[in-house]
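Worksheet for the structure shown next.
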Amino acid sequence: MINDDKISFRKAEKKDIKLVISFAKKLAKHVDLMDEVNIDEKIFSKWIFDEKTANVIFLMKGEKEIGFALYLYLFASFNCKPTLYLEDIYIDEEHRNKGYGKLIFKELAKIAKEKNLNRLEWTCLDENKRGLDFYNSLGSKKLDDRRLIRLEKEDLNKFLAL
């Protein structure tokens, strides 16, 4: 479906922090989670660019950023290799359904392969049928035997007080 040879990727730099945050907020709005957004630019920049806990790539159409992916690495102890974990992906609405999502996943798969990683994984909300259908079209597998478990900040405090 893509007939535009002006599509490329570029890695985000520290000077792009406002743009990264802008994409994160667009994603939150898209999935109706704006009430969970609490982004501090300095802290966000510190953890991504100074501490290097995550990476961001932009999907470029010509000179314009039209999408992004934020990913990090997890370590799988059983097979002794890292996993590329996709935390966020977003493409501006006017550029959707053109094959660009598949291109982002191909870029991430290429990164995983070049680094000899174990796998590429991500989570998806159960009610996101469209997303699940898209991910299925990529050949991905939904793991029904796993559940995401978490302790939120306030839960951590309660737990530590036990």
### Message
Suppose each label sits 7 Å from its Cα in the direction of the beta carbon; what would the LYS113-HIS30 distance come out to in nanometres?
### Response
2.5 nm
### Query
What percent does the relative contact order of the chain come to when contacts are Cα pairs within less than 8 Å and at least six residues apart?
18 percent
### Query
Among rounded, prolate and oblate, which fits the chain when a ≥ b ≥ c are the square roots of the eigenvalues of its C-alpha gyration tensor, a/c under 1.5 means rounded, and a/b larger than b/c means prolate?
rounded
### Query
What is the distance, in nm, between label points placed 7 Å from the Cα along the Cα-to-Cβ direction at LYS46 and at LYS141?
4.0 nm
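Can you tell me how segment 1-82 classifies by the Cα gyration tensor, rounded, prolate or oblate, using a/c under 1.5 as the rounded cut?
oblate
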## Note on the structure
Looks like segment 106-162, by Cα gyration tensor root eigenvalues a ≥ b ≥ c and the a/c under 1.5 rounded cutoff (else prolate when a/b is bigger than b/c, oblate otherwise), is oblate
### Amide H contacts of ASP88 (H built 1.01 Å from N, under 5 Å, at least 5 apart or other chain)
LEU70
### Query
Put +1 on the Cβ of every Lys and Arg and -1 on every Asp and Glu Cβ in the chain; which of TYR100, ILE7, CYS80 then has its Cα farthest towards the positive end of the dipole?
CYS80
### Task
For LEU125 and LEU160, compute 0.36 nm times the residue count separating them, minus their Cα-Cα distance, and round to one decimal in nm.
9.7 nm
### Query
Suppose every K and R has +1 on its Cβ and every D and E has -1 on its Cβ; what is the size of the dipole of the chain about the Cα centre, in Debye to the nearest 20?
580 debye
### Query
Over 31 Å between Cα atoms, which of LYS110/LYS153; LYS18/LYS98; LYS115/LYS153; LYS26/LYS153; LYS81/LYS158 qualify?
LYS110/LYS153; LYS115/LYS153; LYS81/LYS158
#### Entry: Separation of alpha-carbon centers, segment 63-83 and segment 103-126, rounded to whole Å
6 Å
### Query
About its Cα centre, what dipole magnitude does segment 108-162 give when the only charges are +1 on Lys and Arg Cβ and -1 on Asp and Glu Cβ, stated in debye to the nearest 20?
260 debye
### Summary
Per the rule of 0.36 nm per residue minus the C-alpha distance, extending LYS153 to ARG10 adds in nm 48.2 nm
### Query
Roughly what % antiparallel, to the nearest 5, for the DSSP beta bridges in the chain?
85 percent
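Here, each number is a calculation from the coordinates, and none is a lab measurement. These numbers were taken from a predicted model, which means no experiment stands behind them. Methodologically, a virtual Cβ is constructed for each residue, glycine included, from the backbone with ideal geometry; neighbour enumeration extends over all protein chains shown.
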